[in-house]
1. Could you tell me the convex hull volume per residue, in Å³, taken over the Cα atoms of the stretch 128-212?
2. Given the Cα-Cα distance of VAL313 and ASN332 and 0.36 nm per residue of separation, how much length would full extension add, in nm?
3. Could you tell me which of rounded, prolate or oblate describes the stretch 1-110, using a ≥ b ≥ c as the square roots of the eigenvalues of the alpha-carbon gyration tensor, with rounded for a/c under 1.5 and, failing that, prolate when a/b is larger than b/c and oblate otherwise?
4. Amide H of HIS255: which non-local residues (sequence gap of 5 or more, or other chain) have their own amide H closer than 5 Å, using H built in the peptide plane?
5. Magnitude of the Cβ-charge dipole of the chain, K/R +1 and D/E -1, about the Cα centre, nearest 20 debye?
6. If you roll a 1.4 Å probe over the chain with all protein chains in place, what percent of the accessible area is carbon or sulfur?
7. Amide H to amide H under 5 Å from LEU136: which residues, 5+ apart in sequence or cross-chain, H placed 1.01 Å off N in plane?
8. What number comes out for accessible area per residue over the chain if the probe is 1.4 Å? Units Å², please.
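The values are calculated or read from the model by the stated rules, or taken from the named source; none is laboratory data. Since this is a predicted model, take the numbers as computed values, not measurements. Ideal geometry is used to build each Cβ from the backbone, glycine not excepted, and the neighbour counts take in all protein chains shown. Just so you know, the surface numbers come from the protein's heavy atoms only, side chains and all, with ligands and any DNA or RNA stripped out. Shrake-Rupley method; radii C 1.70, N 1.55, O 1.52, S 1.80 Å.
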Amino acid sequence: MTVLITGGAGYIGSHTCVELIKAGYDIVLIDSFANSSPDVIERISMITGKTVTFYKGDLLDSAFLDKVFSRHSIEAVVHFAGLKAVGESVEKPTSYYYTNLVSTLHLLQVMGKYDVQRLVFSSSATVYGDGNKMPLKENARLQAANPYGRTKLMIEEMLDDHYRAHPNWRFVILRYFNPIGAHPSGLIGEEPAGRPNNLMPYVTQVAAGRLPELNVFGADYPTHDGTGVRDYIHVVDLARGHIQALKKTASTGFHTYNLGTGRGYSVLDVVRTFEKVNGQPVPYQMQSRRAGDTAVCYADAAKAKAELGWEAVKTLEDMCRDAWHWQVCNPNGYRKKQYVQSNG
Ligand code: UD1
């Protein structure tokens, strides 16, 4: 089966490509490389031993998309491509609405034209509103807190409307919790542009001595140690979830699943586990709360287990070890010549 992966060179996209290839799927990868490196393609090939079919291009360019569909017998699409930085979305909302919504509309149009009716969409736990009971079930109240989150929510609604009008289509919406870690090979991982906003890339850069210390945002949350609690999930577990989601698109329907572990860890749990597993100190300093953060957020992962037969199996230790291995192997990210061979 041939699957088109949009944004396949990104952090989650690249790990998903690896798992799909390993599971025997033929993939066609497209990416604009606006926020990812073309070197990813070669790394995916190194891990899988397979040549990767890829096209550089943008979903905002319908003619490009049409060309890809005309050349391959695509049977399903996994749609990752989009802008994803929360802070930037607040500064440039129209750019986020335009890019994320219009590219998805183009994708739906071209899928319709080529009679491709199976779509897995990359959504986020950020679509859940504040004030929900934990753990979050898929039917919790939805309300995004920023333009990025609203694009995810709007796309979910757009796809739902499309399904109601075309009930022969098949949609699986995946709401990711906090993906961290990297492929255990150390060949692919997360490469944030500039200073990281998210916790784990910041921790690895502090451990590597590139940043002086971690700022822990908030020590007065009503949690076991006062720091924020999140559902961290190993990116390889998350990637595996997409295989099960694709299988679900074998029959018609519109389904939404949380992809998380169902367990919450605090910022200090992550720091201490990272230090223990990797033997690297992570100096930190307590700061005031970061605007827009909630105290606790973790998934009820039961629906994905019951209906997809998927559950996360990797531990926080695995996540911390693999994140550090990626950092050590690639001190300068994807710049090829800097890759350090390691047997870890
Ligand atoms: C963020 C995004 C979310 C996105 C997700 C991707 C926001 C408000 N939300 O979630 O939309 O889907 O990333 O993984 O940006 N922390 C520190 N110091 C740091 C960085 C983070 O203490 O330098 C803390 C945060 O306060 C939070 C936890 O670490 O308690 C996780 O933060 P982060 O990795 O940024 O993820 P989220 O904010 O949960």
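1. Numbers: hull volume 14.8 nm³, N = 85.
Hull volume over Cα atoms, normalised by residue count, gives 174 Å³.
2. On the way: separation 19, 0.36 × 19 = 6.84 nm, distance 2.94 nm.
Contour length minus Cα-Cα distance gives 3.9 nm.
3. Working: a/c = 2.22, a/b = 1.39, b/c = 1.59.
Since a/c reaches 1.5 but b/c is at least a/b, the shape of the stretch 1-110 is classed as oblate.
4. PHE171, VAL172, ILE173
5. 300
6. Details: 7250 of 14850 Å².
The C+S portion of the solvent-accessible surface of the chain is 49 percent.
7. For LEU136, whose amide H was placed from the backbone, the distant partners under 5 Å are TYR298, ALA299, ASP300.
8. Working: 14850 Å² over 344 residues.
For the chain, the per-residue accessible area is 43 Å².
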